[in-house]
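> The structure's right below; bear with me while I get my questions together.
We did not get these values from a lab; they are worked out from the coordinates using the rules stated. What you see is a predicted model, and the numbers here were worked out from it, not measured in a lab. Neighbour counts run over all protein chains shown; Cβ positions are idealised from the backbone, glycine included.
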Amino acid sequence: MKKKSKSQIVYDHIEELVISGEIKPGERLPSEAKLCDILNVSRVSVRAGIEKLVAIGLVSKKKGGGTYVNKPSSDNYLSVFTPTLLHNTDYLELLEIRRALDSLAVQLCAKNITEAGIRKLAEIVEDMEHITDDGDFFALDKKFHLLISKYSKNRFLHNINLITWDVIQKTLRQNYNKVMNAARIVEHRKIYDAIIHKDSDLAKIFTLRHLEDIIDTFVCEYNQESQYEAIRRQRRR
């Protein structure tokens, strides 16, 4: 089992304080000195752990000193708290969730999307078909699936998808890059065609195939890496 870094120990400790309700939204975190004493770590580790929490939006630093737990609004409640619950998410688990959520989103989208939405989706697919950089593909892939969830007209579902893509971008991008590239553009075109023909069943089928193929590819990549690491460990003995 991989040993936690000191900054991760700080991160996990503060996260637990927030999740348990010991420190509530709007309240101030313990001082750096106190966290150093409690966790037996340096100020550098405390600051690094807090910076991670700032990056995901759980806490904010205020002028004049002090770090406070963010107060969620109706618009950002999930985005403030859910990323910290998912920061150790396994990519395969996330893909399995996406398979379920994306298939529902695309069915609802096919029924509810407007003409303006169709035009936006068409622009994304056309941009995909002319890209040359994998980084551009990630941005377009994210826009494609989030636009579909937006036009599902289910705000809760869309919020979950926003969080999912935020987690991929911030913590799972390396895993994403193993299985996603411009070669998958044809899969997005099939999903788009089903949506514009208002065929929710076909849109679901193509979406499920898309995610299942990604899952299969990731499992193969993961197994290959695991086998390679096992061989390397044996050689070191």
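> For 207, 171, what ranking results if the residue with the fewest other Cβ atoms within 10 Å of its Cβ goes first?
In order of increasing Cβ crowding within 10 Å: 171, 207.
> Quick check: residue separation of residue 131 and residue 5 times 0.36 nm, minus the Cα distance between them. What number comes out in nm?
Here the segment from residue 131 to residue 5 would lengthen by 41.5 nm.
> With r as the distance between the Cβ atoms of residue 62 and residue 189 and R0 = 45 Å, compute the FRET efficiency 1/(1 + (r/R0)^6) and round to 0.05.
So, using R0 = 45 Å, E works out to roughly 0.40.
> Now for a separate question. Given (i) 44, 39, 32; (ii) 72, 39, 19; (iii) 62, 55, 30 as candidate values of Cα extents along the principal axes in Å, which corresponds to the one derived from the coordinates?
(iii)
> Measure nothing fancy, just the Cα-based angle from helix 115-128's long axis to the longest principal axis of the chain, in degrees from 0 to 90, nearest 10.
In the chain, helix 115-128 runs at an angle near 80 degrees to the longest axis.
> Could you point to the residue in 41, 66, 20 farthest towards the positive end of region 6-77's charge dipole, with +1 and -1 charges on the Cβ of Lys/Arg and Asp/Glu respectively?
My answer, from the dipole projection, is 66.
> Tell me the relative contact order for the chain as a rounded percent, counting alpha carbon contacts under 8 Å between residues six or more apart.
The value is 19 percent.
> Need one number: nm distance between label points at residue 222 and residue 27, each 7 Å from Cα along Cα→Cβ, rounded to one decimal.
Between residue 222 and residue 27, the simple spin-label model gives 3.7 nm.
> Report, ordered by chain and residue number, the lysines lying within cross-link reach of residue 63, taken as a straight Cα distance under 24 Å and ignoring same-chain residues fewer than 8 apart.
24, 34, 52, 71
> Assigning unit charges at the beta carbon (Lys, Arg +1; Asp, Glu -1) and nothing else, what dipole magnitude in debye, to the nearest 20, does region 6-77 show about its Cα centre?
Rounded to the nearest 20 debye, it is 360 debye.
> Tell me which aspartates and glutamates have Cα within less than 15 Å of residue 62's Cα, excluding those fewer than 8 residues away on the same chain?
27, 32, 51
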